[in-house]
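Peer 1: My structure is below; once you've seen it, I'll send some questions.
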Amino acid sequence: MSSAGPDSPRRPLEVALAGNPNTGKTTLFNALTGARAHVGNYPGITVERRVGTHHAPEQAWRVTDLPGCYSLSAHSPEEEIAHHALTGRTNDPIPDVVVVVVDAANLARNLLLLLQIAEIGRPVLVALNMMDAAHKEGIDIDVAALQRELQCPVVAMVAARGEGIDALDVAVAAVAANPQLGRVAETPWPESVAQTIAQARAILVQSGLQPPPVSDGDVLWWLATDPEIADAEMPGLGRALLEAIPRPVDPALDPRRVATVTRFARIDAILGRCVRRRDVTTSGRSERVDRVLLHPALGAGLFILAMAGLFQAVFAGAQPAVDVVESVMGSISDLLRTWLPDNLLRDVLIDGVLAGISGTLVFLPQILMLFLGISLLEDSGYLARTAYLVDQLMARIGLPGKAFVPLLSAYACAVPAIMATRTMPDRRDRLLTIMVAPLMSCSARLPVYTLVTAAVFAHQARVLGIFSLGGLVVTAMYALGFLLAIVSAFVLRRTAIQGGGAPLLLEMPPYRWPRWRNVVRSLLDRAWVFVAQTGTVIVALTVILWALMTFPREGLDPQIKATRTAQVQVLTGEAERAQALQSLERDDAQVRLQNSIAGRIGRTIEPLIAPLGFDWRIGIGLVGSFAAREVLVPIMGQVFGRGSQADIDDRYAADVGKSMAHAGALTPLKGLSLMVFFAIAMQCLSTLATIRRETNSWRWPIFAVVYLNSLAWLASFAVFQIGTRLGFS
């Protein structure tokens, strides 16, 4: 640690928090940093990165909350990031001290990660958390004996109540001042492991890998990691390392497996000398509750009720807040239209920038409602049970049980659903769920369904004298999206997103009351991340789309406009004059839209969409609705002479649909084709921006646009062409 002059402030200590999931690591992070923390992603990878400041008595800390992982074997992005952060392969400074947070009731599993971190050579200390839970389960730990066995400080804690924070401050300061205090005694390796480490170390040094691996733990990490990851760091490295590993006839003699067995043998010996279990005769509360919640019948029924409640909260519970956001943003827009002069600057500010901001904020209530539900389910311990209940069903289509909650919430909105995939540990599972979530019919599709059904299905005879044909068609759209999501997941798992889908290995956490302080802080963090990072992409794309629909500004022919203006002026009735003037403005806007870049694109793509039953006028709507699906309704209102309307209610959508039908743009077959297209197509800038944010790449948003819109075209083509040949045109 570098020294500083007597009058110069010392740099903060670099302290990393490491640990398994469900050890209370994030609770400890929140207790240490309070509101002095910020959340983002590690560069180039979708893993949350929490950094905060803790003002300890001796010296301030810069605290980094490493991703929760069970080991350091690079089986997931979280494990890779944890290893790279500890070995200086990220942009962050190498930690001065690593605080390994362990669950006192699950020492055997938790100490594996501790030994692996110690083998890397970092000074460590143990935060023995949740001591109260261990005591209730009949587990007594001799903290002093454990400290002697490990030869590093061990601090007993209950982080949720703030117990042990002062002792942790003292221990970290001691290890920072004398790193030898945090050097865990080395694990004695068998000869086969020691020889393999020596050979692999020579290969790694010769490869020129920076920083060069010097510790046993770092070398073992490279030996255990996926060869593809090694090759990404240094071409050919993965193959060279594989050649350095002996291939014994008995797989149990593989040096990597022997190293793991050696660690667990050491852990068993330590626990045998430090831990005593008391007989607990009464069945634990968790076991009694699990008998109900994991029951095939009762558990499934309660699960359906819980998911229905979550879905209602996202779909309906957030609606009042959404209405408030829309009302406030609409009022701001109206004020700016009143205050600012009518020019191009006002248009780009209101219809571009402000519309983009509104398009960001309008999703916040649903995002917060969804993550509130997920946080409560996760903190209480129930979310793990839901994953267990549906895992077998989901596994048949290549998705894990944890994908169920995001896919369910996608019926309300794909944006929070895609963000909810962060609860899934495997990167490929997360990516696959993101790719199929937009197929669920979200609430933004309802105005389009209303437009079509009101125009061409509302007056059709009832099916079996009971069911509305329009209602059945809308139901079919929901079913279509769900079935295509299943098929797409099945195909993508075997093509573009291979791998993942591993058997569910799940730790059932104990039931506990959610900690509201942590829940609120998590919600605020996620809200800020969405607004600050995803929102900027949404605003930028919205401004671009506004420009496409605005330029060139060629309205009615000047002579025609002058003639009609003169005709308006000679009208005597004030109401009649206002109506005529409004009609003139509407016609002028309609022509401007037709002559815009978007309008010209609509004409250009007409040969492509004509086989679907669409003409260039609907083509304008397809281009414009790329901002958001529901925007199709006001765009069609302008194109077909109904004007635009900010409040896209059912009556307005129905009026627009009837105008389209009257103009020949909609028939029952064309309407069905349009509904099928919108049920599948990727028509949402906010969703694309969220995919970009969650994957840290433009590759997957572009892939989503190509595959979903191609699938939409093929399905719509099939509907219209088969229907035409059957005589329904």
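The values are calculated or read from the model by the stated rules, or taken from the named source; none is laboratory data. Predicted model, so just to flag it, every value in this text is computed and none were measured. Cβ coordinates were reconstructed from backbone atoms using ideal geometry, including for glycine residues, and neighbour counts include every protein chain displayed.
Peer 1: Which helices (runs of 4 or more DSSP H) does region 163-232 wholly contain that include 1 or more residues that are within 39 Å of the chain's Cα centre (by Cα) and outside the structural domain of Pro77 (by TED's automatic domain parsing)?
Peer 2: Because the criterion is at least 1 residues that are within 39 Å of the chain's Cα centre (by Cα) and outside the structural domain of Pro77 (by TED's automatic domain parsing), the helices (runs of 4 or more DSSP H) in region 163-232 that meet it are 191-207, 216-224.
Peer 1: Please return the ranges of helices (runs of 4 or more DSSP H) entirely within region 331-447 where 2 or more residues are farther than 27 Å from Phe703 by Cβ and aliphatic (A, V, I, L, M).
Peer 2: Result: 344-347, 355-361, 364-380, 382-395.
Peer 1: Being surrounded by fewer than 13 Cβ atoms within 10 Å (Cβ to Cβ) and touching a residue at least 24 places away in the same chain (Cβ under 8 Å) is the filter here; which residues of region 259-268 pass it?
Peer 2: Asp268
Peer 1: Now for a different question. If you take the residues in region 237-258 that are surrounded by 10 or more Cβ atoms within 10 Å (Cβ to Cβ) and outside any helix (DSSP H, G or I), which one is farthest from the chain's Cα centre (by Cα)?
Peer 2: Only one residue tops the list, namely Pro248.
Peer 1: Suppose the filter is assigned to a helix (DSSP H, G or I), modelled with pLDDT of 85 or more and surrounded by fewer than 22 Cβ atoms within 10 Å (Cβ to Cβ); does Arg600 pass it?
Peer 2: So Arg600 passes the test.
Peer 1: Would you mind telling me which numbered condition in (1) crowded, with 18+ Cβ neighbours inside 10 Å; (2) of a type outside the set (Asp, Glu); (3) farther than 18 Å from Leu72 by Cα Ala224 fails?
Peer 2: Of everything listed in (1) crowded, with 18+ Cβ neighbours inside 10 Å; (2) of a type outside the set (Asp, Glu); (3) farther than 18 Å from Leu72 by Cα, Ala224 misses just condition (3).
Peer 1: Is it the case that region 58-69 has a residue that's among the aliphatic types (A, V, I, L, M), at pLDDT below 90 and in a strand (DSSP E or B)?
Peer 2: Within region 58-69, not a single residue is among the aliphatic types (A, V, I, L, M), at pLDDT below 90 and in a strand (DSSP E or B).
Peer 1: Does at least one position in region 336-351 carry a residue that is within 16 Å of Leu408 (Cα to Cα) and either of a type in the set (Ser, Thr, Tyr) or buried (at least 18 other Cβ atoms within 10 Å of the Cβ) (or both)?
Peer 2: Looking through region 336-351, none of the residues is within 16 Å of Leu408 (Cα to Cα) and either of a type in the set (Ser, Thr, Tyr) or buried (at least 18 other Cβ atoms within 10 Å of the Cβ) (or both).
Peer 1: Is region 373-387 home to any residue that is hydrophobic (A, V, I, L, M, F, W, C), buried (at least 23 other Cβ atoms within 10 Å of the Cβ) and at pLDDT 80 or above?
Peer 2: Checked against the condition, which is being hydrophobic (A, V, I, L, M, F, W, C), buried (at least 23 other Cβ atoms within 10 Å of the Cβ) and at pLDDT 80 or above, region 373-387 yields no hits at all.
Peer 1: As an exercise: evaluate Thr542 against (1) modelled with pLDDT of 80 or more; (2) in a helix (DSSP H, G or I) and give the number of the one condition it does not meet.
Peer 2: (1)
Peer 1: Yes or no: Asp103 surrounded by fewer than 23 Cβ atoms within 10 Å (Cβ to Cβ) and charged (D, E, K, R)?
Peer 2: So Asp103 does not fit the description; no.
Peer 1: Moving to a separate point now. Within region 323-330, is even one residue in contact (Cβ under 8 Å) with a residue 40 or more places away in the chain and either outside any helix (DSSP H, G or I) or under 20 Å from Leu407 (Cβ atoms) (or both)?
Peer 2: Scanning region 323-330, I find no residue that is in contact (Cβ under 8 Å) with a residue 40 or more places away in the chain and either outside any helix (DSSP H, G or I) or under 20 Å from Leu407 (Cβ atoms) (or both), so the answer is no.
Peer 1: Still on this structure, please answer the following. Anything in region 96-145 that is more than 21 Å from Ala265 (Cβ to Cβ), of a type in the set (Asp, Glu) and in a loop (DSSP other than H, G, I, E, B)? List them, or say none.
Peer 2: Residues satisfying the conditions are Asp96, Glu137.
Peer 1: For residues in region 288-318 being surrounded by fewer than 16 Cβ atoms within 10 Å (Cβ to Cβ) and within 14 Å of Tyr411 (Cα to Cα), which is modelled with the highest pLDDT?
Peer 2: Per the criteria, the residue is Gly309.
Peer 1: Which of the residues belonging to region 639-663 are at pLDDT below 70 and either assigned to a helix (DSSP H, G or I) or under 23 Å from Ser333 (Cβ atoms) (or both)?
Peer 2: Arg642, Gly643, Ser644, Gln645, Ala646, Asp647, Ile648, Asp649, Asp650, Tyr652
Peer 1: Name the single residue that is surrounded by the fewest Cβ atoms within 10 Å (Cβ to Cβ) among those in region 164-189 being in contact (Cβ under 8 Å) with a residue 24 or more places away in the chain and acidic (Asp, Glu).
Peer 2: Here the residue is Glu186.
Peer 1: Of the residues Leu492, Leu472, which is at pLDDT 85 or above, touching a strand residue (DSSP E or B) at 6+ places or on another chain (Cβ under 7 Å) and either in a helix (DSSP H, G or I) or not hydroxyl-bearing (Ser, Thr, Tyr) (or both)?
Peer 2: Going through Leu492, Leu472 in turn, just one is at pLDDT 85 or above, touching a strand residue (DSSP E or B) at 6+ places or on another chain (Cβ under 7 Å) and either in a helix (DSSP H, G or I) or not hydroxyl-bearing (Ser, Thr, Tyr) (or both): Leu472.
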